[in-house]
Amino acid sequence: MKKIITLLMALLMLAPAYADLQKKLDKQLEKAQAKEMKEKKKAYEKGGWEIMGSRTMDVALLKHYSKLNELGDDGSVFDGTAQNTKSKNVAEQMAINNATIKYAQKAGSTVKGRVISDIMAEGTAGEEEFEKFYAAYERLVEQKVKNVLLPSYSVIRKMPDGTYEIQSFFIVDESKARVARQAALENAIRETELAQEYANKVRDFVNAPVEE
């Protein structure tokens, strides 16, 4: 009992020190992000980029980083691009589609890499069977992830030939994205009739975060 009381007292004494350390780390992160936002804004302006919509560049970037801070380790960023179009609206939709396809391809590559290293290495799996599975999985992720890629902000610039170039940035909540990938995976397993001995292993791979 005395040991427990001693331990609790020690924890109580350490609590203020931990709180102070956390405050210092938060301030350091805040300063680093402020510097990053300033540099990013400067780079956009130098490259002739303008923010799309009614927000200012400062507000758009501040909201973007605030959302990432809110999500913590579950937050990541994906971007989509579009070029050679004379319509801003068409360019924005193209950028959204580009980001969606990119995410799906990255998700497929993540699973494929694990399959090659963990299953193919055993020499018992059929490569053709898995190629069908990869294709189905990517297509299904692309369908389901549209609700997971949250639009953050877009920048646009007009080119000398009168066409527009756009970059759209999206924030991904990994906890929600994981659910979407799991649903896509189950559908891909059923659609391609992937052997159960492989399906159980693949289910573990889909939980790995998808990073740009």
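The values are calculated or read from the model by the stated rules, or taken from the named source; none is laboratory data. Given the structure is predicted, the values throughout are model-derived calculations rather than measurements. Backbone-built Cβ (ideal geometry, glycine too); neighbour counts: all protein chains shown. The accessibility values were calculated without ligands, DNA or RNA, using every heavy atom of the protein model including side chains. Shrake-Rupley method; radii C 1.70, N 1.55, O 1.52, S 1.80 Å.
Residues of segment 45-83 that are part of a strand (DSSP E or B) and hydroxyl-bearing (S, T, Y): S76, T81.
The rows are residues; the columns are (1) among the small types (G, A, S); (2) out of contact with any strand residue (DSSP E or B) (no Cβ under 8 Å at 6 or more places or on another chain); (3) open to solvent by less than 60 Å² (accessible area, probe 1.4 Å); (4) modelled with pLDDT of 90 or more.
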position: S152; (1), (2), (3), (4): yes, no, yes, yes
position: M159; (1), (2), (3), (4): no, no, no, yes
position: A180; (1), (2), (3), (4): yes, yes, yes, yes
position: A184; (1), (2), (3), (4): yes, yes, yes, yes
position: N200; (1), (2), (3), (4): no, yes, no, no
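Applying the selection to segment 28-42, what residues are out of contact with any Phe, Trp or Tyr (no Cβ under 8 Å at 6 or more places or on another chain) and of a type in the set (A, V, I, L, M)? L29, A32, A34, listed by residue number.
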